Amino acid sequence: MAALTPAVCDKAEMLPLIDQALSWDLNRPELPVAEAALDMAERFTPFGRIVAEDLRALCLSIPADSHAVPVAQATLTKAALRLSLKPLARTAGRRPAAHRAQDLARLVHALLHATEGVVASTATVKEGRR
């Protein structure tokens with residue numbers, strides 16, 4: 001029996017896809033095939049949701065006045081909006097598909113960066129308690 005939910009990539013699989021999407025120059029005519037860009041967007045979305053949930057949980061473990069909290073909160077606000085967007089139709093053109101994939105790649109990158117900041121703040125708080 002097939003799984004009811006699609007498999008979610010791990011970070012090691014996702015980072016090259018993020019780099020690839022971020023390398024696209026959307027002002028040039030050489031854009032990725034729409035199907036490929038839409039597939040990337042479909043992979044970024046569940047991964048981004050997982051990272052956002054992890055980040056939300058991590059934010060609870062550090063003081064609210066930590067410098068990492070405002071960045072994390074702003075990123076989580078963007079994530080709540082963008083990760084809930086309806087997927088583009090499979091008939092979307094190259095440019096809209098590439099824009100969506102690149103936008104989601106930027107968001108996932110920001111979520112990962114914010115997570116690293118919160119983890120670093122958590123380590124700093126733990127060091128201060130010793």
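The values are calculated or read from the model by the stated rules, or taken from the named source; none is laboratory data. Given the structure is predicted, the values throughout are model-derived calculations rather than measurements. Neighbour counts run over all protein chains shown; Cβ positions are idealised from the backbone, glycine included. These area figures cover heavy atoms from the full protein model, side chains too; ligands, DNA and RNA do not enter into them. Shrake-Rupley method; radii C 1.70, N 1.55, O 1.52, S 1.80 Å.
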All but one of (1) open to solvent by less than 50 Å² (accessible area, probe 1.4 Å); (2) hydroxyl-bearing (S, T, Y); (3) modelled with pLDDT under 95 hold for T45, so report the exception by its number. (3)
Within segment 1-42, work out how many residues are open to solvent by less than 60 Å² (accessible area, probe 1.4 Å) and modelled with pLDDT of 90 or more. 14
Taking segment 85-100 on its own, how many of its residues are closer than 15 Å to N27 by Cα and either open to solvent by 50 Å² or more (accessible area, probe 1.4 Å) or touching a residue at least 60 places away in the same chain (Cβ under 8 Å) (or both)? 7
Of residues in segment 48-68 being among the aliphatic types (A, V, I, L, M), closer than 18 Å to L107 by Cβ and open to solvent by less than 20 Å² (accessible area, probe 1.4 Å), the one modelled with the lowest pLDDT: A68
